[in-house]
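Written out below as structure tokens is the structure these notes cover.
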Amino acid sequence: MKSVILNVRISKDLKNALENQSLENEVSISDTIREIVENHFENVYDDEDLFVNPNLLYNSNEFLFLVSWLFEKKDFAYDGNSEAQLLDIKKIILEAIKEKHFPNNLKCEFEKVLIDIIRYINTYHDEGNHFFFCKPHHSGSFDYSVLINYISNRAFENRI
């Protein structure tokens, strides 16, 4: 693609920051600015892909299952799933933590569930075994409002 020249005015502080970053990376200021602009637009398109890309966890049946399971635990902290099914849930949680489209605060909440599901699996045969992440006021409580806000924002962000 043919490139074009773009002239912009920036503050001296911003220019100094660009020069410093360019020196650090041993590239030209033009390369630094080009990379910043390209990354910006790649991220914008990545967010749009969230709605159209069926390969992303957010659009999968596994994520829908995980959300349903999490809300089921809110009302009932015991689990009737087999160890194999719990390992599948653990796998989905690990994928959610690695998902680049999920915000860090949601990933932190998933980490709480991961820690508790590992504990639960390790004590699977203990009588009275139950989850703690779904108990309000517990140190490892899952903040359901983070998940609700994320889903709500995703559901309505493309509306005018």
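Among the trypsin sites (Lys or Arg not before Pro) in the range 57-160, those located in a DSSP loop and surrounded by at most 16 other Cβ atoms within 10 Å of their own Cβ are K100, R159. In terms of accessible area, using a 1.4 Å probe and ignoring ligands and nucleic acids, I89, I148, I97 rank largest first as I148, I97, I89. Most tightly packed first, judged by the mean number of other beta-carbon atoms within 10 Å of their residues, the peptides 127-138, 5-16 read 127-138, 5-16.
The 1.4 Å probe gives accessible areas that order L94, L56, L66, largest first, as L94, L56, L66. The fraction of accessible area contributed by carbon and sulfur in the chain is 53 percent, rounded to a whole number (1.4 Å probe; ligands and nucleic acids excluded).
Once the 1.4 Å probe is applied to the protein heavy atoms, the chain comes out at 71 Å² accessible per residue. Per-residue SASA remark: Y78, around 100 Å² accessible (1.4 Å probe; ligands, DNA and RNA not included).
Quick one: which of K12/K100; K100/K135; K73/K112; K74/K98 span more than 22 angstrom between C-alpha atoms? Violating the 22 Å Cα-Cα cut-off are K12/K100; K100/K135; K74/K98. The heavy atoms of D79 offer some 20 square angstrom of accessible surface to a 1.4 angstrom probe. The label-point distance for I115 and N55, in a model that sets each label 7 Å from Cα toward Cβ, rounds to 3.4 nm. Fully extending the segment from F71 to L6, taken as 0.36 nm per residue of separation minus the present Cα-Cα distance, adds 18.3 nm. Given the whole protein assembly as supplied and a 1.4 Å probe, what does the accessible area of V4 come to in Å², nearest 10? Surface accessible to solvent at V4 totals approximately 130 Å².
The values are calculated or read from the model by the stated rules, or taken from the named source; none is laboratory data. All of these numbers come straight from a predicted model, not from anything done at the bench. With ideal geometry, Cβ positions are generated from the backbone for all residues, glycine too; neighbour counts draw on all protein chains shown. Surface accessibility is based on the protein's heavy atoms, side chains included, excluding ligands, DNA and RNA. Shrake-Rupley method; radii C 1.70, N 1.55, O 1.52, S 1.80 Å.
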